[in-house]
Structure formats: C-alpha cells, structure tokens
1. Output the number of residues of the stretch 29-57 satisfying the condition of being surrounded by 10 or more Cβ atoms within 10 Å (Cβ to Cβ) and part of a loop (DSSP other than H, G, I, E, B).
2. So, in the stretch 86-103, of the ones that are surrounded by 11 or more Cβ atoms within 10 Å (Cβ to Cβ) and under 12 Å from the mean Cα position of the chain (by Cα), which residue ends up farthest from residue 43 (Cα to Cα)?
3. Kindly indicate whether residue 41 is touching a helix residue (DSSP H, G or I) at 6+ places or on another chain (Cβ under 6 Å) and touching a residue at least 40 places away in the same chain (Cβ under 8 Å).
4. Which ones in the stretch 75-93 are in contact with a strand residue (DSSP E or B) (Cβ under 6 Å, 6 or more places away or on another chain), part of a strand (DSSP E or B) and either more than 13 Å from residue 63 (Cβ to Cβ) or in contact (Cβ under 8 Å) with a residue 40 or more places away in the chain (or both)?
C-alpha cells in the first residue's frame, strides 16, 4: 500500500512538473502573432476621379492598395507610400514636399484627395472616391 501511494505521488508531481513547464513555455513564447491592421484596406478599388471643371466628364481610375513590408504602419496607394492609422485614415497633411494628401477608408470604400502646389499658390487637385472590387 505504501509503495502504491509513492507511485501515485511521484506520478502526480511528474505530471504537475510537465504541466508547469508547458505553461511557462507558452506564456514566454514570442510566437503570438496578431493580425496586421492594414490587411482589410488592401485590394483593388474602382474609383471615380472627379474632374476639375464642370465641362469635363468623370474618369474611372483603378487604385491598388498594398502593404509596405518594410514598415508596420504604411501602405502603398498605387505608387504613393502613405502612413495609415488603425482607423484607416491619413491627413490631410503633407505627404511629400508640396504634395498634400488625405486618405480615408470606410468599410469597402476609399476616399483620396490630393493636390500639388504649383507656382504662386495655385494647386492641381485630385479627388478620388471608390469601392473595392
């Protein structure tokens, strides 16, 4: 009887030791991955470029949004590298020298407004609104 109790006690402590090591190993593991908040914004969008004049027709433009793998907070919107917040917005702010940029995502929609400052304060605006395709 005493011999059987020792076996049970040893098995109990051995099991407790194994469970403890597994718990500590999992708790200290750095392999916990969180989903990148930029993923829902990626994809192709069919946008309407609003004209600068009432005499010009609307133009359809395809916009590609992809993740910048070299950073944790930037995306490419076509060829523009744009920092994006977790709520899907940027700006309005200067993206580059003399290039003002505003970006917003909502559900499957995108809104981009940009303008380049030309000579004497004249601006060349561009406004795109679209949906993910």
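Taken together, the values in this text are just the output of simple stated rules run on the coordinates, not laboratory data. Model, not experiment: these values are computed from the prediction. No Cβ is skipped: glycine too gets one built from the backbone with ideal geometry, and neighbour counts run over all protein chains shown.
1. Of the residues in the stretch 29-57, 7 are surrounded by 10 or more Cβ atoms within 10 Å (Cβ to Cβ) and part of a loop (DSSP other than H, G, I, E, B).
2. Checking each candidate, the answer is 90.
3. So residue 41 does not fit the description; no.
4. Correct list: 81, 83, 89, 90, 91, 92.
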